[in-house]
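This report refers to the structure that appears directly beneath it.
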Amino acid sequence: MSRGRDIIPTVNKLLSFPFALKIATKDWHPADHISFASNHADKKPYVDFTTIINPSNPSETYETRLWPVHCVQGTPGAELVHELEIGKVDKVVEKGMRREVEMYSAFYDPLERPRCSDSGLAGILREEGVTDVFVVGLAADYCVRATAVDSAKEGFRTVVVEEGTRAVDPKDWEGVVKGELREKGVGVVRWRA
């Protein structure tokens, strides 16, 4: 994804607003995470896919894209970028910690029978009386998309701020993903400070 750090001024500006709660999320993967192409023989990041199987129910599966190694637990690559005004963040939620399950959403993985990973984010938001969720971050067509969809599914009014995100596949973002988000009750807005 190109120009990912270009979102930081928008994210920092949003962190300056008096929202009830400001949460940062980050992938916190084990080194042997299933989403890393290097953990699959003859597979390439961004190009190849793998099948995720629910560890508790082998009949439930889904396909996921493979990625380069990223956000490995306890490494500098898993830290939030230094340009982010982290002092304005109230809480950090980690996700993607189970090696055998991909978790794009900051809420939970897409497996449901039974669910494998739940960050507790919905409960945190409800405890604080949050009704509206603004989603920014990387990547628009993966983690941001899944987080926004799950936020709306959980009953929060949800908006993706376009200047605060970048897509892995910008053409898909414009041609498909934005429309899918709107169909699922997620607003997509352009905002300039």
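The values are calculated or read from the model by the stated rules, or taken from the named source; none is laboratory data. Note that the coordinates shown come from a computational prediction; the quantities given were computed from them, not determined experimentally. Reconstructed Cβ throughout: ideal geometry from the backbone, glycine too, with neighbour counts over all protein chains shown. Each accessible area value is taken on the protein alone, full model and side chains, heavy atoms only, with ligands, DNA and RNA left out. Shrake-Rupley method; radii C 1.70, N 1.55, O 1.52, S 1.80 Å.
Filter the stretch 146-172 down to residues that are open to solvent by less than 40 Å² (accessible area, probe 1.4 Å) and more than 25 Å from PHE19 (Cβ to Cβ), then give me how many there are.
So the answer is 1.
Which numbered condition trips up HIS33, out of (1) surrounded by 16 or more Cβ atoms within 10 Å (Cβ to Cβ); (2) outside any loop (DSSP other than H, G, I, E, B)?
HIS33 satisfies every listed condition except (2).
Could you pull out the residue among PRO110, PRO114 that is under 21 Å from ASP32 (Cα atoms), open to solvent by 50 Å² or more (accessible area, probe 1.4 Å) and modelled with pLDDT of 95 or more?
Result of the check over PRO110, PRO114: PRO110.
So, in the stretch 124-145, how many residues would count as being surrounded by 17 or more Cβ atoms within 10 Å (Cβ to Cβ) and touching a Phe, Trp or Tyr at 6+ places or on another chain (Cβ under 8 Å)?
So the answer is 9.
So VAL189 clears everything in (1) under 22 Å from SER2 (Cα atoms); (2) buried (at least 20 other Cβ atoms within 10 Å of the Cβ); (3) modelled with pLDDT of 95 or more except one condition, right? Which one?
(2)
With SER16, SER38 as the choices, which residue is more than 24 Å from VAL133 (Cβ to Cβ), among the polar types (S, T, N, Q) and open to solvent by 20 Å² or more (accessible area, probe 1.4 Å)?
SER38
Mind checking which residues of the stretch 1-30 are in a loop (DSSP other than H, G, I, E, B) and over 23 Å from ARG190 (Cβ atoms)?
Scanning the stretch 1-30 gives ALA20, LEU21, TRP28, PRO30.
Within 20 Å of PHE134 (Cα to Cα) and of a type in the set (Val, Ile, Thr): which single residue out of VAL69, VAL89 fits that description?
VAL89
Looking at the stretch 42-80 only, could you name the residues that are outside any loop (DSSP other than H, G, I, E, B) and in contact with a Phe, Trp or Tyr (Cβ under 8 Å, 6 or more places away or on another chain)?
THR51, ILE52, GLU63, THR64, ARG65, TRP67, ALA78
Would you check if there is a residue in the stretch 42-55 being surrounded by 17 or more Cβ atoms within 10 Å (Cβ to Cβ) and more than 18 Å from the chain's Cα centre (by Cα)?
So far as the stretch 42-55 goes, yes, one or more of its residues are surrounded by 17 or more Cβ atoms within 10 Å (Cβ to Cβ) and more than 18 Å from the chain's Cα centre (by Cα).
Exactly one condition in (1) surrounded by 20 or more Cβ atoms within 10 Å (Cβ to Cβ); (2) closer than 23 Å to GLU163 by Cα; (3) of a type in the set (Asp, Glu) is not met by GLU102; state its number.
Unmet condition: (2).
Determine which single condition LEU181 fails, assuming it passes every other condition in (1) open to solvent by 10 Å² or more (accessible area, probe 1.4 Å); (2) at pLDDT 95 or above; (3) not small (Gly, Ala, Ser).
(1)
Pairs needed: first member in the stretch 44-59, over 16 Å from ARG98 (Cβ atoms); second member anywhere, at pLDDT 95 or above and assigned to a loop (DSSP other than H, G, I, E, B); C-beta distance under 7 Å; at least 6 residues apart or different chains.
Between residues of the stretch 44-59 that are over 16 Å from ARG98 (Cβ atoms) and residues that are at pLDDT 95 or above and assigned to a loop (DSSP other than H, G, I, E, B), the close pairs are PRO45/LEU66; PRO45/PRO68; ASP48/LEU66; PHE49/LEU66.
For the stretch 81-193, give me every one of the helices (runs of 4 or more DSSP H) that falls completely inside it and has 2 or more residues that are closer than 16 Å to LYS26 by Cα and free of Cβ contacts under 8 Å to residues at least 60 places away in the same chain.
In the stretch 81-193, the matching helices (runs of 4 or more DSSP H) lie at 145-153.
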